[in-house]
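What follows is a single structure, written as structure tokens, with notes after it.
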Amino acid sequence: MDNVAATECLTLDFGPFETVHRWQRMPECDEFVGARRSKHTVVAYKDAIYVFGGDNGKQMLNDLLRFDVKEKSWGRAFSTGGPPAPRYHHSAVVNGSSMFVFGGYTGDIHSNSNLTNKNDLFEYRFQTGQWLEWKFTGKTPVARSAHGAVVYDNKLWIFAGYDGNARLNDMWTISLLPGEPKTWEMVDQSGDCPPTCCNFPVAVARESMFVFSGQSGAKITNSLFQFHFREKKWTRISTEHILRRAPPPPARRYGHTMVSFDRHLYVFGGTADSTLPNDLHCYDLDTQTWHVIAPSTDSEIPSGRLFHAAAVIGDAMFIFGGTVDNNVRSGETYRFQFSAYPKCTLHDDFGRLLNSRLFCDVEFVVGDSSSSSSSSSSSDKEQQHKEETKIPAHIAMVAARSKFLRQRISRAIERRKERLEELHGTADLPAKEVPILQVRLQDAVPEAFEMVLNYIYTDRIDPTKKIEDPLSNRIVLLMMDVYRLAVQFNMRRLEQLCVHYLEATISHANVLEALRNADCLKQQLAFIKELCLSFVVRDGNYNQIVMSSEFESLDRPLMVEIIRRKQSASASSGSTGGCGGGGGGGGTSSSGGSGNKHHHHHQLNNYERDTGTTLEQDMEHFLNSIGREFCDITLMLDKEPIPAHKAVLTARCSYFEGLFRSFMPPNNTVNIQIGEMIPSAASFRSLLRYIYYADVSMPPEDSLYLFTVPVFYGFTNNRLQAFCKQNLEMNVTIENVIQILEAADKMQAHDIKNYALSLIVHHIGKVVRLPRLKQLDRGLLLDILEAVADERAEARTCQDMTSGGADC
């Protein structure tokens, strides 16, 4: 891409902008316009939100309020015809230019009379303000409230709710198109359907409806369920965050809201175990992980609440009303500014590199006939160990993540160098003549080592990709092998993942097999053995396990150890009040008794405190420090050599992948430029930080240089460009305007250069005192003088016209 093309795509807007992830309190709805309320609905239409119904603590409501998000003003929406009766816990959706209100609870809550659920459907036409009640033919859904409702494919879909006697989980749909029969159809649902529930939110994204938590009695859950409209099938999205070391999902709750925007679902409020949290939780549909949004520092964060309502307009969410502390109804309105950055592809890019096996420069020779594993009692594992397995990988990725493997690689490089010098008299041979590096790991199980490699590249492992049943004996034994390697390779975070996974998956069916194999390698798997013993001796597990046929086949020493551990736990439970726990007197035995139990808890606490390092942290350290030893490519930036790693560049940039595929540059040296432009040294360092560990923090002048990089170098998406754009739009200040002017002139970005000149002219008194001005190129100094002259000439002309009676 040349500079002309770069200039054409470099179009920016300058202020004012909303701060990302900022909560802002909007004007409150005056009482003479509409009462404070909860259990109402909010929908978005064009540049306004519409509030219908609810209750104010004394009576049900059926007024229709309108908040103009541009004017930030409240008013009553114009309406004619007969509106729905006052109600709450109804639903409201928008299709086309109409709002549809279904069901809810009606009656007089003050006198507690005529209270009933409804199954009526009203249409409000925004353009005319007319209310219309629909009349149906055929069967209708049972009357309900506190249900979920969405629009998909021009149809209204109703799910679950409360009918006055019981919670429901049925589903109905009806076409909202004019001319279509006004007939309800009951949906035949399949798959893992949510339990009967009410007071839950629903949201539509990616051809699906999502349901999160709600009131479900004893079956209340914090699982996220997905209904696929095309197949009419439910899927329970696993909340298994253990192997990704991701934050857990929000606590189970009801009375909350959930909206969709971009690739995310946002959950706010509700009551969770008798509390009113005000955290904003975000679910990423791509990575299937939850996290809590950190609000901007200048946010006006709403207090916790339930039975509020939310809607999305543009790139912001609006929340209105709800019940706050002490059962008080709220009339507050809040705006939350979303971010719509493309997702970070660092983990996916490195994972794709591993799967492609492109440019591998090391082979790990795993296993041999003399080794054994934690699962050596399994015949298939024994057979697997009789033959060596060669597993290709990339030196840079492995060396970045494990000190143990990094040292093994360094020793292997030295041995190869010595061998080449013996054979050829020199180790400085053409790359094609140098044999691939081999590192032997004799005591590793190939399948387990491949999972460790997957973690090295992606920061996550998923054993269910190899074994479907997550509770099977084989998968538990495999994870024990992975744990053993994690300990050996000194990969603390991977150890954690294995421990937490085994804690979650060890069961009556597999615990004895796991215990038997952990006992075979006492030194390497002592902690896993403790975990298994603790599970066996729990009061709820012990009898069932010792009466099983698997227990009869245990070796006698293990039987004795289990029985002694149980006796020790029982003796100490009177003083500690715990089941299966240690501590107190009488806790000694030949098996370690409660002392081991305490050691087990101590180790668990250590795991929680010592979280290890992430992929991003390891790659940052590798780039800035330990990676220099393993550099295999030199990037020349305006005659300055910058050492780098082919594997990392290949994974992140299709430009380098294509370059290295087609031919390897002479002397492993690549000249760096962006189109015809050579970036500054500082901006290229910012680029390397993004390539290696996805860092997007940089000064605005670096953003200007790097704005077109995603296109030129072929990144997976334009995430870097989006951050550069926002950085430029929001952070051009007097302090950095000279650097911005220099970069804009070099990039031929005329709109930004003009903006910088305008900023300089209007603050010329401050700019002339900046030290950087003395270093400015003569041509740019002339540009500033010309801009100042133009500004003063224009001001003088305006003054002359004003004195002459003209309107300037």
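The values are calculated or read from the model by the stated rules, or taken from the named source; none is laboratory data. Computed from a predicted model, the values in this text were never measured in an experiment. Using ideal geometry, Cβ is built from the backbone for each residue, glycine included, and neighbour counts are taken over all protein chains shown. When the accessible area is computed, the model is the full protein with side chains, heavy atoms only, and any ligands, DNA or RNA have been set aside. Shrake-Rupley method; radii C 1.70, N 1.55, O 1.52, S 1.80 Å.
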Matching residues in the range 86-130 (on the phi > 0 side of the Ramachandran plot and out of contact with any strand residue (DSSP E or B) (no Cβ under 7 Å at 6 or more places or on another chain)) number 2
- Query: Scanning for something hydrophobic (A, V, I, L, M, F, W, C) and within 37 Å of the chain's Cα centre (by Cα), does the range 453-460 turn up at least one residue?
  - Reply: yes
By residue number, the members of the range 32-47 that are over 17 Å from residue 100 (Cβ atoms) and in contact with a strand residue (DSSP E or B) (Cβ under 7 Å, 6 or more places away or on another chain) are 33, 34, 35, 36, 37, 38, 39, 47
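What about residue 60, is it touching a Pro at 6+ places or on another chain (Cβ under 9 Å), among the aliphatic types (A, V, I, L, M) and open to solvent by less than 30 Å² (accessible area, probe 1.4 Å)?
Values: touching a Pro at 6+ places or on another chain (Cβ under 9 Å): yes; among the aliphatic types (A, V, I, L, M): yes; open to solvent by less than 30 Å² (accessible area, probe 1.4 Å): yes.
So residue 60 fits the description; yes.
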Among the residues of the range 24-41, the number that are surrounded by 22 or more Cβ atoms within 10 Å (Cβ to Cβ), under 30 Å from residue 291 (Cβ atoms) and touching a Ser or Thr at 6+ places or on another chain (Cβ under 9 Å) is 3
Among 147, 89, the single one that is at pLDDT 95 or above, open to solvent by 10 Å² or more (accessible area, probe 1.4 Å) and under 19 Å from residue 175 (Cα atoms) is 147
All conditions in (1) surrounded by 22 or more Cβ atoms within 10 Å (Cβ to Cβ); (2) within 20 Å of residue 364 (Cα to Cα) are true of residue 476 except (2)
Filter the range 181-222 for residues that are assigned to a loop (DSSP other than H, G, I, E, B) and among the aliphatic types (A, V, I, L, M); the one that is least open to solvent (accessible area, probe 1.4 Å) is 187
- request: Take residue 772 and decide whether it is modelled with pLDDT under 90, open to solvent by 70 Å² or more (accessible area, probe 1.4 Å) and of a type in the set (D, E, K, R).
  value: yes
- Task: Please indicate, with yes or no, whether at least one residue in the range 330-349 is open to solvent by 30 Å² or more (accessible area, probe 1.4 Å), part of a strand (DSSP E or B) and in contact (Cβ under 8 Å) with a residue 60 or more places away in the chain.
- Result: yes
For the range 479-520, the count of residues that are surrounded by fewer than 20 Cβ atoms within 10 Å (Cβ to Cβ), among the aliphatic types (A, V, I, L, M) and part of a loop (DSSP other than H, G, I, E, B) equals 1
For residue 111, the lone unmet condition from (1) outside any strand (DSSP E or B); (2) in contact with a His (Cβ under 8 Å, 6 or more places away or on another chain) is (2)
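Give me the residue from the range 271-305 that is without any contact (Cβ under 8 Å) to a residue 24 or more places away in the chain and part of a strand (DSSP E or B) and, out of that set, nearest to residue 255 (Cα to Cα). Working first, answer last.
Step one: list which residues in the range 271-305 are without any contact (Cβ under 8 Å) to a residue 24 or more places away in the chain, which gives 272-274, 282, 297.
Of the ones still in play, those that are also part of a strand (DSSP E or B) are 272, 282.
Working: 272: 9, 282: 17 Å.
Filtering the range 271-305 for residues that are without any contact (Cβ under 8 Å) to a residue 24 or more places away in the chain and part of a strand (DSSP E or B), the one nearest to residue 255 (Cα to Cα) comes out as 272.
Can you name every residue in the range 637-656 that is in a helix (DSSP H, G or I), touching a residue at least 60 places away in the same chain (Cβ under 8 Å) and crowded, with 23+ Cβ neighbours inside 10 Å?
Filtering the range 637-656 for residues in a helix (DSSP H, G or I) gives 646-652, 654-656.
Still in the list and also touching a residue at least 60 places away in the same chain (Cβ under 8 Å): 646-648, 650-652, 654.
Matches in the range 637-656: 646, 647, 648, 650, 651, 652.
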